[in-house]
Every structure is written in structure tokens, then in C-alpha cells.
Amino acid sequence: MPPATPPDHPTRDAGFGIYLHWPFCAAKCPYCDFNSHVRHAGVDQPRFLAAFRREIAHAARLAPGRTVTSIFLGGGTPSLMAPETVAGLLDAVAGAWAVAPDAEVTLEANPTSVEATRFRGYRAAGVNRVSLGVQALDDGDLKKLGRLHSVAEAMSAVRTAAAHFERFSFDLIYARPDQTPQAWAAELRRGIDHAAEHLSLYQLTIEPGTPFFGLAQAGRLVPPDDDVSRALYDVTQEICEAAGLPAYEISNHARPGAQSRHNLLYWRYGEYAGIGPGAHGRLVLPQGRTGTLTEKAPEGWLARVEREGHGIVETEILSAEDQGDEFLMMGLRLAEGIEPARYAALKGRPLDAGRLDALVTDGLVARRPDGRIAATARGAPVLNAVVAELAG
């Protein structure tokens, strides 16, 4: 039996989160490589809810004694769930762990599945923040991205979210084919006019295995080149900063105090349980910080949970080297940067002073007055190279 008190760990004070993955979508977007699936015959929500309950109970046996500080219902499209299903999931979490009174509970939603009655039901279930997948404010580009909603529907969904939740966010994708910095600037300003506190702004990436990848390989889809992509990134930072939504992470912008607490938990290398098909977790167990991964196929996950009580197919005790590298990669995405002492505690050795000095001299990393180190505006777009140098 694991101890009732969580094991001590250098990142224990970063919080404890629950990620609940609902893998179903109304349609598969051509750029998406997430674990999402379309089921035209419908989904047996009561059966899946029962399986989620079992996996939550299993996770609580692995990691007892925690206080949940954030819950994130991601997907897929969690807003395709009935409010009763969402209520059942949140009740199961509350029955397995203590939940902090101010816990952030976020649900991802697509504009096409937003209804006022459903949002009222989610609020009653305990959701206190929503994240809308708007993705573009151009009807032509929405069609190219495979989205099922129009700009008008997206803006209506944003208004509905604002009417039911004090905290909401929405996503936009930029660096789309043929997009100019001028057009993106106008679109972003329009988005900011409707954003109360938070925006997630992602550059379009062409992922192997997606329809967009095949189109790009065939020359039928041409994303912006590196120079245009960098100009789009710079425009994003400038406009958001001027509007009072600075980047607190490479792709996320918020007014002060409005950052996503759940995402901060990831980037600060906190502990979280991953529940549902294809969910990743990072738990601090007696044997050490441990990565978990569940069966990706929804029906395979369902059968495994019903048979074994959980859907975990991979468990890895992370080495000190792995933990240090993960902490570096996650933490340097944040504007606040990382604490070198915490890195040293995880990895078992400090950052290499010579490598750090060279990156500071090159203007890619900065030492902050509070002792943290952070990627600079110049270093953030080439973060992978910065991390590789520091971790070497």
C-alpha cells in the first residue's frame, strides 16, 4: 500500500492536477494529430463514465493524500458530453481526493457544441472556466482548417461563454497558408476585442500522419516560410503586449492573474493524473516520479478498464536525467523561467555555468533579479536549441 502522505519531491509544491481526456469529436480536423476519434453511431456515455470512475479510483490508490488544485477536461471535444456526464466525472474526482475550494475546473468546447442550456449544466456540475476552440476569425480559413463552425457561430459561442463563466479563453491558429502579418494583426486585434482575460495562440504545424502533411508533401499546401513565420510571431507578441495580454508562456497570453492554473502546473513540472484514452500522467510515487500512459484507442481503453480497473499500458520511473531535462523544457516555456536550484535538485547536478554564460552573452537566456533564468524574446522562438545546449 502506498503511503497516505505524498512522497517528498522537488516539485511537490507545484500542485496536483487531474487531466480527463474525452477523445470524441464531431469531425477530425485535417491538421490534428491529437488522440481524437469520430463515432457517428454515438457514444455510450454511461458506460464510459463508469470506466472513468474506475480509472480515477485506481489513480487515487496510486497517489493518495493529494489535494486537487486543478482539473482539465480536454479532448477531443468534451463539450459533446452531457452535463450529467461531466457532473459524474467531477463527483468521482471529489470522491477520490480532496479538492481545493479555489480549484480551477476547465472544460474545452467547440463553438458548434455550445448551447446556453448545456453551459448552464456544466456550470452547475462544477466547471468554472471554459476554453473555446475558435481557431480562426476568417470563414474561408475555417473551412480550410476543417472546422464546422463559422466566425458568427464562434463569436456567439464566446458571448455565451462570457454570460455563464467569469473565466474563459479561446484558441486561434496562425501561420496559416497565405496568411500575411498584416492580415493576422487585424484578426488578432479583433480576437482581443472579444477576449476577457486569456488567449491561446498557436502556430500551425504540419504533423506527420495528418491530411495536411500529405497535402504539404504534394505541394498543395504551402505554409509560411521561416521569415514570415517569425514576423507573424513577432506581431503576436507586440499586439498582445500592447493590449495588456503579455505572453506568460510561448503560446499563451493572459492579463495578470488570469493565467491557466492547470497549464501552469504542467509547465512548473507539477504532479498530475492522466485519466481516459491516451492520457499521459506524471505521478510522484514511492519509487520516484513516474510517467504513465493509457491505451489510446477508446474502445480498447474501455475494455481494458472494465477488465483490469485501469487503462495504463506504459509506466516509466523517470531518471534524474529525464526529470531535469523535462523540467528544463517545460519551465523555459514560461516567461517566469525556472529556478536553477530546483533543476539541480531534480537532475543531481547544477546547470553548466559555461553553457549558461554563453547563452546569456548571445542574448538567448537572461538571469532574472529573483535568481531565475528565463528565455529571452530572442531565445523563445529557438527554445529547443536553447534547451539542448543547457541540458548537454
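Of note:
- Note that the chain shows a convex hull volume over its alpha carbon atoms of 146 Å³ per residue.
- Within the chain, percent of DSSP bridges classed antiparallel, to nearest 5: 40
- Across the options Met330, Leu383, Gly76, the greatest Cα extent toward the positive end of the charge dipole of the chain (unit charges at beta carbon of Lys, Arg, Asp, Glu) belongs to Gly76.
- Relative to the compact-globule estimate of 2.2 N^0.38 Å, the Cα radius of gyration of the range 265-329 comes out at 1.20.
- FRET efficiency for the Asp139 to Glu166 pair, using the beta carbon distance and R₀ = 25 Å, is estimated at 0.25.
- The string of couplings for the range 61-66 from the Karplus curve (6.51, -1.76, 1.60, θ = phi - 60°) is 6, 5, 10, x, x, 8 Hz, one whole number per residue in order, with x for Gly and Pro.
- Each Lys and Arg adds +1 at its Cβ and each Asp and Glu adds -1 at its Cβ; summed about the Cα centre, the range 151-281 shows a dipole of about 320 debye.
- Å² of accessible area per residue within the range 323-381, as computed with a 1.4 Å probe and no ligands counted: 46
- Cα gyration tensor shape of the range 71-139, rounded if a/c is under 1.5, else prolate or oblate by comparing a/b with b/c: prolate
- Per-residue surface analysis assigns Thr376 an accessible area of about 30 Å², computed on protein heavy atoms at 1.4 Å probe radius.
- Where GluC sites (Glu not before Pro) fall in DSSP loop in the range 121-201, at most 14 other Cβ within 10 Å: Glu166
- Under 18 Å from Lys143, Cα to Cα: lysines that are on another chain or at least 8 residues apart: Lys28
- Model label points for Arg120 and Ala242, set 7 angstrom from Cα along the Cα-to-Cβ axis, are 4.2 nm apart.
- Per residue, the accessible area of the range 1-129 comes to 42 Å², computed with a 1.4 Å probe over protein heavy atoms only.
- Carbon + sulfur, % of accessible area of the chain - ligands and nucleic acids excluded, 1.4 Å: 52
- Across the alpha-carbon atoms of the range 251-298, the computed radius of gyration and Dmax are 13.6, 39 angstrom.
- Mean separation of Cα contacts under 8 Å, 6 or more apart, over the residue count of the range 3-78: relative contact order %: 57
- Radius 12 Å from Cβ of Leu283, net charge of other residues (Lys, Arg +1; Asp, Glu -1): +3
- Only DSSP H runs of four or more residues enter the estimate; each adds -39500 (n - 2.57), and after division by the residues of the chain the mean residue ellipticity at 222 nm equals -12000 deg cm²/dmol.
- Percentage relative contact order, the range 175-291, counting C-alpha pairs under 8 Å, at least six apart: 25
- Total charge dipole magnitude, the chain, about the Cα centre, Cβ charges on Lys, Arg, Asp, Glu only, Debye to nearest 20: 760
- Per residue, in Å², the accessible surface of the range 184-308 once ligands and nucleic acids are set aside, probe 1.4 Å: 43
The values are calculated or read from the model by the stated rules, or taken from the named source; none is laboratory data. All of these numbers come straight from a predicted model, not from anything done at the bench. Don't worry about glycine lacking a Cβ; one is built from the backbone with ideal geometry, like all the others, and counts go over all protein chains shown. Note: areas computed on protein heavy atoms with side chains; ligands, DNA, RNA excluded. Shrake-Rupley method; radii C 1.70, N 1.55, O 1.52, S 1.80 Å.
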